[in-house]
Structures are given as structure tokens and as C-alpha cells.
Amino acid sequence: MNAFVLQEEEQIRQIRGAWSELQRQIPYSTLFHSFDLYDIWLKERNPEKERPYLLCYGSRQKLLALLPCKLTDNGRLKLYLSGKADILGGLISGDWHRQVLYLGHIRELITDDDNIKEVEFTNIRKSDPILDQLPLVFRKQNPYIFRHDLHSWLDAKEYDEKRYLKHIPSKLYIKLKKTDSSIDSSAVFFENDSAPFPDSELKELLAKMSKHGIRNPDSYNEIITIIRHLYDLKKVTVAIQKGQNGDILSATVLARLDKNSIMGWIDLYDPSIKRINIKNYLHIIDYASKRGLDFYLGTGLYDYKLYNFAPRTEGLYTFYVSKSPLAGLLYQAKKNLAHYLRSSGAKD
């Protein structure tokens, strides 16, 4: 058993079976840890700006650890869907001591590769074991870790047929009920078994949001293409909310994280309709409730999520280390300044 790197697409596809077997052993793994999604990214990435960099420990027949990464053109090693996926991380089997051992060997590969200038892993959940282990194995390189965001979810046990959610107070229930009744809409859940991918509906909503200066459609081209591939593989469902006149009011791409949960990956909506996202989520809660699925509301603890659904929350963290002490200090200073400005703005 040893640590190795795979950078050629054909080599990566040859370990599909070993990757999938490792994922089956990891209880915290999600769609974003899967071979299928990494393979789609391989096809859709910009090869001039990023190339695959799959860090492994074990053998090509039996993997014990895997970090699905990419190496950017400026020498930054990142988790492969950074900036596009809500939950990222690695797959590591064994007990805590073995996991540290495997990551230690993987660290040596990173340290010895002169093409890598720095490491930046984002959207690591607090519950992910690598959040504690990476700082340990990189301790001599002065790693920097900070919480940059939160994600939230509703447990399937919290649904209530009569009042949406069991844990919300009566005042909030009345508010949700008012929103529910004030927007006359229905939801259609597009699935590959019964309908083609709703491309025109998503484009229509993107155009409306672009008109209001909320979204840039061009920046969504790659991620929607990736989602279309996942739709073909039956890994996503698209919730489309329609008005009684047939107008498209909102759309949410629901990623099937695992057999017990779905996640709102991308939300698109008509900005001219107040509280349309709230009504959209009520439709999704009903869908998830009937199927006994946890509903992850995605990253960003926005007020409309926090104050309308009181979800459970967990921190998302960034791990950073640089081979240049000066570059590392500049990175930390930049992030600290950004955090200060956000905090100051929130007080104002």
C-alpha cells in the first residue's frame, strides 16, 4: 500500500470500482464525493485553467483514502468542485490513527510536487474527520483554518403534515400559512424517469434574475451542464413552481446526497414575487416529507432560511497552507480583512 497521484483521465476511470467501493464504506459520503460527479467534471472542466489531481492511498484495486482534487493553472490545489458544490471533502477509511497515517503519506506527495504552490480546501463540514487531521499532518507548514460559511438542514423527523414543521413556534407557523395561501402555485418535480431536463424553465428564470441584476447567466453555463448530466444519471430532481396561469415562478435543483437526503443545490426564482422562495421550500418540504428524506437547504444561512424554517446548522471550513511563508501571510491577512469588513457591515 502506498500513496499515489492520478492525473490522466483514463487512469482515473480505471479505478471507478475501487472508488465506489471505498465510498460505500464511508457513512458521511455524498453525491459530491462520488466517482460519477468527478467523471462529469472531467468532461466539462476548462483544461487550460484546471487539471485533475486525484490523491490516493492504497492500490488501484483497493483504495483506503482519496482526495478528489484539481490543480489550477496558478499552482493552487483545490477540491474539484470548489465554488460550485456545497459540501466537499475526502474519503478515508479506518480508525482515526489509520486515517492520519494515510493523510500523512498523501501530504508527502503534495510537499514533493513543485507544481503545487499552495493548498486551499473549502466547504469542509465540521463533522468531516479531515478537518482535524489535515492541520495535524501539515502542522510544520503553519496551516490556516477558518469557518467561511454555514450549511443547514431539516431532519425528516421534524416534518408535520398539519403545520409543516414540528419544532417551529405557533407565530412562525401562522406566518408560513399566510405565505402558503397568498401565493397560488403548484410544484412539478421533474425526474429523468418521466420528463426531459427542464432546460427552458431554468433559462427563463435566469433571464428574469439577470434582468434584476441578481444572476449572470453565463456564470451558470458549466454548472447547469453538469446538472444536466446528473439528471441523465437520475442523481438530481428539479422542482419547478408554477403559477395558476402557467408562469414559471421558481426552480430548485435537488441533489440526491444519499439514500436518506436531498439538498437544494441551486435556487432560481422570479424576483418580482415576494416570498416566492418561502413558498418554493414549502413545496419541497411536502415532497421530502412524503418520502421520509432530510432536506438540506444548501450553503449560506440567509434570513429567509433561518427565520422561517429554524433549520439545524453546521459550519463549513476552509483549510489553507502555502509553501511560501509570505504568500501564506498575505492570504491570511486578506481573509481576515474580508471577515472584518463583513462583520462591520453587519453591525451597520
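The values are calculated or read from the model by the stated rules, or taken from the named source; none is laboratory data. These numbers were taken from a predicted model, which means no experiment stands behind them. All Cβ positions, glycine included, derive from the backbone under ideal geometry; neighbour counts span all protein chains shown. When the accessible area is computed, the model is the full protein with side chains, heavy atoms only, and any ligands, DNA or RNA have been set aside. Shrake-Rupley method; radii C 1.70, N 1.55, O 1.52, S 1.80 Å.
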When the residues of segment 207-258 are narrowed to those that are among the small types (Gly, Ala, Ser) and not in a helix (DSSP H, G or I), which ends up most open to solvent (accessible area, probe 1.4 Å)?
GLY213
What single numbered condition from (1) open to solvent by 40 Å² or more (accessible area, probe 1.4 Å); (2) of a type in the set (S, T, N, Q); (3) modelled with pLDDT of 95 or more fails to hold for SER59?
(1)
Scope segment 1-53; condition farther than 21 Å from ILE227 by Cα, hydroxyl-bearing (Ser, Thr, Tyr) and open to solvent by less than 40 Å² (accessible area, probe 1.4 Å); matching residues
TYR53
I'd like the full set of residues that are under 18 Å from ASN308 (Cβ atoms), touching a residue at least 40 places away in the same chain (Cβ under 8 Å) and open to solvent by 20 Å² or more (accessible area, probe 1.4 Å), limited to segment 266-281.
TYR269, PRO271, ILE273, ARG275
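Residue-wise test of (1) free of Cβ contacts under 8 Å to residues at least 12 places away in the same chain; (2) touching a helix residue (DSSP H, G or I) at 6+ places or on another chain (Cβ under 6 Å).
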site	(1), (2)
GLU191	no, no
PRO196	yes, no
LYS203	no, no
ILE214	no, no
SER219	yes, no
ALA251	no, yes
LEU254	no, no
LYS259	yes, no
How do the pairs read when you match residues in segment 97-118 that are under 17 Å from LEU63 (Cα atoms) with residues anywhere that are in a helix (DSSP H, G or I) and among the small types (Gly, Ala, Ser), using Cβ under 7 Å and keeping only pairs 6 or more apart or on different chains?
none
Within segment 289-307, take every residue that is modelled with pLDDT of 95 or more and not in a loop (DSSP other than H, G, I, E, B) and give me the one that is farthest from the chain's Cα centre (by Cα).
LYS290
Taking segment 178-189 on its own, how many of its residues are in contact (Cβ under 8 Å) with a residue 40 or more places away in the chain, of a type outside the set (Gly, Ala, Ser) and open to solvent by 30 Å² or more (accessible area, probe 1.4 Å)?
4
Within the bounds of segment 78-90, is there any residue that is surrounded by fewer than 21 Cβ atoms within 10 Å (Cβ to Cβ), touching a residue at least 60 places away in the same chain (Cβ under 8 Å) and either among the polar types (S, T, N, Q) or closer than 21 Å to THR122 by Cα (or both)?
yes
Listed by range, strands (runs of 3 or more DSSP E) wholly within segment 1-104 having at least 3 residues that are out of contact with any Asp or Glu (no Cβ under 7 Å at 6 or more places or on another chain) are 2-6, 50-58, 63-72
Mind telling me which of the residues PRO169, PRO196 ends up being surrounded by fewer than 16 Cβ atoms within 10 Å (Cβ to Cβ) and within 22 Å of ARG256 (Cα to Cα)?
PRO196
Where residues in segment 130-166 are without any contact (Cβ under 8 Å) to a residue 40 or more places away in the chain and assigned to a loop (DSSP other than H, G, I, E, B), which of them is surrounded by the most Cβ atoms within 10 Å (Cβ to Cβ)?
ARG163
